[in-house]
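See structure below.
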Amino acid sequence: MEQTNNNGALQVPIGSGFTAASTASEVLQGLNLAGKVSIITGGYTGIGLETTKTLAAAGATVIVPARSLGKARENLRGMANVELAELDLLNPDSIDAFATSFLASGQPLHLLIHNAGIMFVPLRRNNRGTESQLATNYLAPFQLTARLWEALKAAQGARVVNVSSLGHQFGPFDFEDPNFEHHDYDTMAAYGHSKTALNLFALELDNRAKAFGVRAYSLHPGNIWGTELLRDPPLEILQQFGFYDDEGKEVLEVIAALKTIPQGAATTVWCATSPLLNDRGGVYCEDVDVASLALGGDSPQA
């Protein structure tokens, strides 16, 4: 019987040949992705943009769904093999509309990369009353994957890649009060349990989908400076992580030690394409390899 990653059975580095300093373009060097179709949410800013650039340069057709079409069009201007579509991940109807449009094209879907996410935002809810980090970081990827299931199966060898975070260690999923209807809102806890849910989704999706040629992965891209993910967090939280000092000034030595955007996209690209993962799914990855099993005691960072 094929082993699954339940209880971390497969959480062992496999010797990818890359390191935390490797970049997305280095990971894809020599690979030809012509004929592959990819969807990358949030693929027009930050590490999502780097992922789009790298996969498209390797020959893949990359579809970038975006809430801000004007901004996406500007950031992706002149890039070959890239298509734009409208999608608001906080709106379940928008997710359905995007998926329906893609399915109507008749294309198989080889790579579905759930890159978009929000972090440490004030309490907001979507039109269903769902807390926004849970809605964006987990429920939207779940719904989009479900709606695109037939296209994933049609690829006869597809991967679903969930860009998660070491911040899942901020807390387990709260099944009793996932939308903070009965407790005071804690933005860090909300972020943590949305990423915990995303990781568990990758694990169980792989268990169920591998029989249909679909494998799933989750990953921590690393701690990265200069992305839009940091546009909402309050100063107090950024000070807690050491990015700013007590006077609100950037701590340059801390920032200099963070990953660059090309380095931050490397693990995503590796999970999406590495032949080393052909027969190994449901794993959590970081630094361009399968992560070691964490048994507790590590200090989580975003």
Checking SER194 against (1) under 17 Å from VAL214 (Cα atoms); (2) touching a strand residue (DSSP E or B) at 6+ places or on another chain (Cβ under 9 Å), the condition it does not meet: (1)
Note on THR196: of the conditions (1) in contact (Cβ under 8 Å) with a residue 40 or more places away in the chain; (2) out of contact with any Ser or Thr (no Cβ under 7 Å at 6 or more places or on another chain); (3) of a type in the set (Val, Ile, Thr), unmet is (1)
Is it true that some residue in region 112-119 is of a type in the set (Gly, Ala, Ser) and out of contact with any Ser or Thr (no Cβ under 8 Å at 6 or more places or on another chain)? no
Taking region 79-91, which residues are surrounded by fewer than 19 Cβ atoms within 10 Å (Cβ to Cβ) and under 20 Å from the mean Cα position of the chain (by Cα)? GLU83, LEU84, ALA85, GLU86, ASP88, ASN91
Note down all Cβ pairs under 8 Å where the first residue falls in region 1-29 and is closer than 18 Å to TYR217 by Cβ, the second is surrounded by fewer than 17 Cβ atoms within 10 Å (Cβ to Cβ) and hydrophobic (A, V, I, L, M, F, W, C), and they're at least six residues apart or on different chains. GLN3/ALA9; GLY8/LEU293; GLN11/LEU293; VAL12/LEU293; ILE14/LEU276; SER16/LEU276; LEU28/ALA57
Could we say that ALA291 is hydrophobic (A, V, I, L, M, F, W, C) and in contact with a strand residue (DSSP E or B) (Cβ under 8 Å, 6 or more places away or on another chain) here? yes
As an exercise: evaluate SER164 against (1) among the small types (Gly, Ala, Ser); (2) within 17 Å of ALA294 (Cβ to Cβ); (3) more than 18 Å from the chain's Cα centre (by Cα) and give the number of the one condition it does not meet. (3)
How about region 68-78: which of its residues are surrounded by 17 or more Cβ atoms within 10 Å (Cβ to Cβ) and either assigned to a loop (DSSP other than H, G, I, E, B) or at pLDDT below 95 (or both)? LEU76
Could you list all residues from region 1-58 that are among the aliphatic types (A, V, I, L, M), more than 18 Å from the chain's Cα centre (by Cα) and farther than 22 Å from ALA158 by Cα? ALA9, VAL12, ALA21
How many of the residues in region 177-196 are surrounded by fewer than 20 Cβ atoms within 10 Å (Cβ to Cβ) and assigned to a helix (DSSP H, G or I)? 2
Residue by residue through region 249-264, note down the ones that are within 25 Å of ALA189 (Cα to Cα) and in contact with a helix residue (DSSP H, G or I) (Cβ under 6 Å, 6 or more places away or on another chain). GLY264
Any hit, region 44-54, residues being among the basic types (Lys, Arg) and assigned to a loop (DSSP other than H, G, I, E, B): no
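The values are calculated or read from the model by the stated rules, or taken from the named source; none is laboratory data. These numbers were taken from a predicted model, which means no experiment stands behind them. Neighbour counts are summed over all protein chains in view; Cβ atoms, including those assigned to glycine, are modelled from backbone coordinates with ideal geometry.
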